[in-house]
1. Using only the alpha-carbon atoms, how far is helix 2-29 inclined from the longest principal axis of the chain? Give it as 0 to 90 degrees, nearest 10.
2. What share of all Cα pairs of the range 1-145, in percent, falls into each consecutive 10 Å distance bin?
3. Calculate the dipole size of the range 1-145 relative to its Cα centre from +1 charges on Lys and Arg beta carbons and -1 charges on Asp and Glu beta carbons; express the result in debye to the nearest 20.
4. Over the chain, what is the relative contact order in whole percent, taking alpha-carbon pairs under 8 Å and six or more residues apart?
5. Could you identify which residue out of Ser16, Ser34, Ser106 has the top mean-square fluctuation in a GNM of the chain using Cα springs shorter than 10 Å?
6. For a quick check of your reading of the filter: which chymotrypsin sites (Phe, Trp or Tyr not before Pro) in the range 1-110 sit in a DSSP loop and have no more than 16 other Cβ atoms within 10 Å?
7. For the chain, what does -39500 (n - 2.57) per DSSP helix run (n ≥ 4), summed and divided by total residues, give at 222 nm, in deg cm²/dmol to the nearest 500?
8. Towards the positive end of the charge dipole of the chain, with charges on Cβ (+1 Lys, Arg; -1 Asp, Glu), say which of Ala92, Ala20, Met82 has the farthest Cα.
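What follows draws every value from the coordinates through simple rules; no lab data is involved. Just so it is clear, the structure is predicted and the values come from calculations on it, not from any experiment. Don't worry about glycine lacking a Cβ; one is built from the backbone with ideal geometry, like all the others, and counts go over all protein chains shown.
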Amino acid sequence: MIFIILLAVVSGMALSAQAAINGKLGARVGVIESALLTFTMGTVITGLLIFFFEPSYDANLLTVPKWQLAGALFGIVYMIVMVAAVPKVGVAIATVATILGQMVMSLIIDTKGWLGNAPIELNYWRVAAMVCIACALLCIYLANSKTESISKETESKTNEEAVNVI
């Protein structure tokens with residue numbers, strides 16, 4: 001179990017790196033084009049993995065309940081929002097905001113037992129974890145605001161000095 005958790009942490013690290021790279025790419029070529037590149041590469045690589053490594057299953061994409069295919073749409077929303085958000089708010093805020101959204105929805109799904117999952121009782125520990133993530137988002141936001149304020153002050157002083165020289 002610990003190995004799977006560590007794998008998830010590494011996967012999260014890769015998502016942050018992807019967000020930073022795609023944010024830069026999206027700012028240069030467009031949000032949709034950046035998302036298209038990601039999904040095209042993902043499709044090709046996933047197709048190769050399926051062809052060479054995937055075992056046979058009783059069902060396939062044509063025979064499963066159609067609501068189970070909706071998960072793919074959420075990936076599109078995530079990718080486009082992250083590519084657009086990262087250049088504006090930074091990787092840390094975009095990532096932590098995403099994690100907070102995931103936490104809120106996952107607690108609702110767990111508590112209600114939605115989407116075929118067994119219900120898991122909402123308790124203080126789970127709520128505390130969500131509050132900690134919300135606090136992390138607030139701290140990063142405030143730190144960014146402070147940094148922006150200092151940058152604007154420095155830029156303003158530099159502009160004043162340039163005017164005084166002239």
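1. Here the helix axis deviates by roughly 50 degrees.
2. 10, 28, 37, 22, 4, 0
3. 380 debye
4. Dividing the mean separation by the residue count of the chain yields 21 percent.
5. Ser106
6. Tyr57
7. Computed ellipticity for the chain at 222 nm equals -29000 deg cm²/dmol.
8. Met82
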